[in-house]
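Take a look at the structure below.
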Amino acid sequence: MVEILHGKPITLSCMGVKSAALRAMSVFTTPIPPEEYLRLVNPLASSRQLRGVVTSVTPETPTSATITFRPGSRWQPHQAGQWARVGVEIDGVRQWRSYSLSAPAGADPAVTVTAIGRVSTYLVRNTKVGDIVFLAPPQGDFVLPAGPRPLLMLTAGSGITPVMSMIRTLVPRRKDADVVLVHSSRDRTASLFTDELQELAAEHPGLHLVHRYTTDEGRISFADSGDLDRLCPDWRSRKAYVCGPTEMLDAAHALWERTGLPDTLTVERFNTALAPEVPGGGGQITFEKSDKQVEVDGSTPLLLAGEEAGVIMPSGCRMGICRTCLTPLLSGRIRDLRTGETHDDEGELIQTCISAAAGPVHLDC
Amino acid sequence: MTALQKKEHNPIAHLSDQDIERLGVELDAIRDQVISTRGSSDAAYIRRVIKVQRGLEMGSRAVLLASRWKPAFVVGTVGLSVSKILENMEIGHNVMHGQWDWMRDPKIHSTTWEWDNASPASLWKHSHNELHHTYTNVLGRDNDLGYGIMRVDEDQRWSPFYLGQPVWNFVNACFFEYGIAAYDLEIGKYFKGKKNKEIFQRDLKKVGVKIRQQMTKDYVVHPLLAAPTGSWKQTLLANYLSNLTRNLWTHSVIMCGHFPEGVETFTRKSIDGETRGEWYLRQMLGSANINGSRAMHIATGNLSYQIEHHLFPDLPSNRYQEIAPQIRDIFNRYGLTYTSGSLPRQVGSAWMKVIRLSLPNHLAAKFAPRPRKAAPVPLRFKTAAPKADAA
């Protein structure tokens, strides 16, 4: 029998049964998926959008807090060191930011957020237990090596969050763990997870902890290997992870290159594609699907620029009322020609007929 | 009515180009003021309406499971009718206009919303948002002027076909959602050979699928669900009555938007090179409001604020009421007539027009209603020279 079915065993997983049942139920609820009605009783039920309910909010420093979620059923457990996008609604508008997950692998996801910027400040100051947040599946390659190896973690500021997930995953569970953590922070009060790290280091010989308070001791220099040789003499034989401000990442990367060990270093970068606002506007528009580029001034609607370049773009009223021209902004910054407001959110749908480039722009058409 | 440009007493003759541009600037300022204060209470409003509608629908359908018992039949039918009206008007129409796109909630978004109606969202958005809202009341461009089956303006040429238009209009009212689907398909244009055959067939398939799903839900699976209590017949009837009620209601509301006496129409040529101010002015004169209670406004999807909606089709519907006094003030200051009336008056006025214009113009003229009182022109305009190209 099995052979007749060509080897592919028919497994009806729990998820499969559930989604089949929901599909069947949709005849009762068309044109809306049945989950939309289920959500009246279960706030985490959702067909398209993963959600999580906040289960705890723990202050870490005066300006940061750890927020833990219980995610909806479609969440895939994260690996230590990965990040996820978290969405909250501020003044009615959904805003997304990416955060490293600080909880150990397999545990409910948690993010440790420092109150800098609108979304992070909102998360630290306004989140309450029971709030619903929006989530996207965990991602990222900043993860632990497959086999046991001696490790060196170099972190600064909130760059410790993904590394904290790694340490929490590795140190208490593996007797053969061998981790040196060199963490830089301004001073003791600004330093994240200090007590927990000290307890872990006291309890487990596998964790060696170096705190560097930069107000007193200055930043670690990567100009040569002097600082590292002092802080962790065998650094060359360890697999290294770096997470912190961009200058630190660049400097560390350069040092490892010079030492001839670039493969042993893993770097986690954030904020790589921030679009600066260009005064007066204008810039290069790249139409990704059509593979075309044009240079425009700050008053030409993106739609016109595209059409002149021969790009096939959706269009309608050409005056900003019908929204037929909505096109995803892949990156860059655009200005609404009616209000002068600028938008730079990746993936946001923009009205090309009344928007102009304010710097380089990439559009999905 | 006759196209504004052909009228003996042109109601905008006193406005200069600069006046019209200034009017545009004032309206832009109102728009900006609403946009800058859009926020969490607006978001909470639309979510609450959606929640109430879904709860009401589920509750009504649950009650209908026992609809053999008469009170359950009545309660279930009324509840389902109200829920279907809310779903199409305050929610569907407005979400598909993009009024809530600013929340960046992919579920309450013009690009993803699908409504409880025979016409698929994509087709409706094209004929409504793109054509009707851009070319509002322009003869020969805006098919909403009579939907291609009626003559609602003296400047639309009479033919004997229109003698039957009171009947066509009533039939259209009873089957309005299918009328909308046929309209959005541009069937007339297709038979005249003006619509691409492939596109028509693709659209026709979409409509077919949509109608099948709608019918299966209302007339097959929910009655089947009620079969164990012996209520399938009553449930079937309740679904039919709810759809009928919604058809009659939405048809009435939509007739009130542009057909009542006092609403102006425009010639095709008049919009060549139209400025933003002139576009606003056309929306102001081409729409009519309905006066009534808060509940009535919500049941019309705030299309009772048709003038405000046509000026700002993508502002959240819950804000139209708030800006209405400011808009009315602009009408007064610029000597323009804000056309508004109670629901019975506006429905009556629209029906009168449909009946009257079923006759050719020379006969229809005998039954012409007394014109509504025009707004007084403020003093400051009276000294100004009339606009040269107004006549």
In region A:16-61, how many are closer than 15 Å to residue A:73 by Cβ, within 10 Å of chain B (Cβ to nearest Cβ) and among the hydroxyl-bearing types (Ser, Thr, Tyr)?
2
Identify the residue in region A:328-351 that is within 14 Å of chain B (Cβ to nearest Cβ) and buried (at least 22 other Cβ atoms within 10 Å of the Cβ) and, among all such residues, is nearest to residue B:108 (Cα to Cα).
A:351
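Yes or no: residue A:314 within 14 Å of another protein chain (Cβ to nearest Cβ), surrounded by fewer than 16 Cβ atoms within 10 Å (Cβ to Cβ) and in a strand (DSSP E or B)? Working first, answer last.
Details: within 14 Å of another protein chain (Cβ to nearest Cβ): yes; surrounded by fewer than 16 Cβ atoms within 10 Å (Cβ to Cβ): yes; in a strand (DSSP E or B): no.
Against the criterion (within 14 Å of another protein chain (Cβ to nearest Cβ), surrounded by fewer than 16 Cβ atoms within 10 Å (Cβ to Cβ) and in a strand (DSSP E or B)), residue A:314 does not qualify.
To keep it simple, each residue is scored yes or no on (1) modelled with pLDDT of 95 or more; (2) over 22 Å from the mean Cα position of the chain (by Cα).
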residue	(1), (2)
A:118	no, no
A:122	yes, no
A:130	yes, yes
A:134	no, no
A:137	no, no
A:145	no, no
A:167	yes, no
A:174	no, yes
Among (1) away from chain B (no Cβ under 14 Å); (2) within 21 Å of residue B:103 (Cβ to Cβ); (3) hydrophobic (A, V, I, L, M, F, W, C), where does residue A:285 come up short?
(2)
With the requirement that a residue be assigned to a helix (DSSP H, G or I), within 10 Å of chain A (Cβ to nearest Cβ), surrounded by fewer than 19 Cβ atoms within 10 Å (Cβ to Cβ) and modelled with pLDDT of 95 or more, what does region B:36-58 give you?
B:37, B:40, B:41, B:44, B:45, B:47, B:51, B:55, B:58
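Which fully enclosed helices (runs of 4 or more DSSP H) of region A:108-210 have 1 or more residues being in contact with a Phe, Trp or Tyr (Cβ under 8 Å, 6 or more places away or on another chain)?
On the way: elements: A:118-126, A:160-170, A:194-203.
Ranges flagged: A:118-126, A:160-170.
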Counting only residues that are at pLDDT 85 or above and part of a helix (DSSP H, G or I), which one in region A:22-34 is nearest to residue B:84 (Cα to Cα)?
A:29
Could you pull out the residue among A:186, A:212, A:238 that is surrounded by fewer than 16 Cβ atoms within 10 Å (Cβ to Cβ) and on the phi < 0 side of the Ramachandran plot?
A:186
Checking residue A:19 against (1) in contact with a strand residue (DSSP E or B) (Cβ under 8 Å, 6 or more places away or on another chain); (2) at pLDDT below 95; (3) closer than 29 Å to residue B:83 by Cβ, which test does it fail?
(1)
Name the residue, out of A:85, A:168, that is closer than 30 Å to residue A:222 by Cα, basic (Lys, Arg) and either crowded, with 18+ Cβ neighbours inside 10 Å or touching a residue at least 40 places away in the same chain (Cβ under 8 Å) (or both).
A:168
Can you tell me which condition residue B:107 does not meet? The list is (1) at pLDDT 95 or above; (2) of a type in the set (Lys, Arg); (3) in a loop (DSSP other than H, G, I, E, B), and all the others hold.
(1)
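Answer with yes or no whether residue B:126 is part of a helix (DSSP H, G or I) and either facing chain A (nearest Cβ under 10 Å) or farther than 18 Å from residue B:250 by Cβ (or both). Break it down into steps so the answer makes sense when it comes.
Working: part of a helix (DSSP H, G or I): yes; either facing chain A (nearest Cβ under 10 Å) or farther than 18 Å from residue B:250 by Cβ (or both): yes.
Considered against the rule, which asks whether it is part of a helix (DSSP H, G or I) and either facing chain A (nearest Cβ under 10 Å) or farther than 18 Å from residue B:250 by Cβ (or both), residue B:126 comes out as yes.
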Pick out the one residue from A:117, A:147 that is surrounded by fewer than 21 Cβ atoms within 10 Å (Cβ to Cβ), at positive phi and out of contact with any Lys or Arg (no Cβ under 7 Å at 6 or more places or on another chain).
A:117
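Which of the residues that make up region A:87-106 are of a type outside the set (Asp, Glu) and within 14 Å of chain B (Cβ to nearest Cβ)? Write out each step before concluding.
We begin by selecting, within region A:87-106, every residue of a type outside the set (Asp, Glu); these are A:87-88, A:90, A:92-106.
Within region A:87-106, A:87, A:88, A:90, A:92, A:93, A:94, A:95, A:96, A:97 qualify.
Please find, among B:153, B:105, B:116, the residue that is within 10 Å of chain A (Cβ to nearest Cβ) and in contact with a strand residue (DSSP E or B) (Cβ under 6 Å, 6 or more places away or on another chain).
Working: B:153 fails: within 10 Å of chain A (Cβ to nearest Cβ); B:116 fails: in contact with a strand residue (DSSP E or B) (Cβ under 6 Å, 6 or more places away or on another chain).
Being within 10 Å of chain A (Cβ to nearest Cβ) and in contact with a strand residue (DSSP E or B) (Cβ under 6 Å, 6 or more places away or on another chain) holds for just one of B:153, B:105, B:116, which is B:105.
Of the residues A:159, A:117, only one is under 27 Å from residue B:103 (Cβ atoms) and among the small types (Gly, Ala, Ser); which? Spell out how you get there, then give the answer.
Numbers: A:159 fails: under 27 Å from residue B:103 (Cβ atoms).
Testing whether each residue is under 27 Å from residue B:103 (Cβ atoms) and among the small types (Gly, Ala, Ser) leaves just A:117.
From the list B:203, B:144, B:155, B:184, exactly one residue is part of a loop (DSSP other than H, G, I, E, B) and under 19 Å from residue B:119 (Cα atoms). Which is it?
Working: B:203 fails: part of a loop (DSSP other than H, G, I, E, B); B:155 fails: under 19 Å from residue B:119 (Cα atoms); B:184 fails: part of a loop (DSSP other than H, G, I, E, B).
Result of the check over B:203, B:144, B:155, B:184: B:144.
Matching residues to (1) assigned to a loop (DSSP other than H, G, I, E, B); (2) in contact (Cβ under 8 Å) with a residue 24 or more places away in the chain; (3) at positive phi; (4) at the interface with chain A (Cβ under 9 Å from one of its Cβ atoms):
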residue: B:67; (1), (2), (3), (4): yes, yes, no, no
residue: B:90; (1), (2), (3), (4): no, yes, no, no
residue: B:99; (1), (2), (3), (4): yes, yes, no, no
residue: B:112; (1), (2), (3), (4): yes, no, no, yes
Which condition breaks for residue B:352 when tested against (1) part of a loop (DSSP other than H, G, I, E, B); (2) touching a residue at least 12 places away in the same chain (Cβ under 8 Å)?
(1)
Filter region A:84-101 down to the residues that are touching a Ser or Thr at 6+ places or on another chain (Cβ under 6 Å) and at pLDDT 90 or above and list them by number.
A:91, A:92, A:100, A:101
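The values are calculated or read from the model by the stated rules, or taken from the named source; none is laboratory data. Predicted model, so just to flag it, every value in this text is computed and none were measured. Cβ atoms come from the backbone with ideal geometry, glycine included; neighbour counts cover every protein chain shown.
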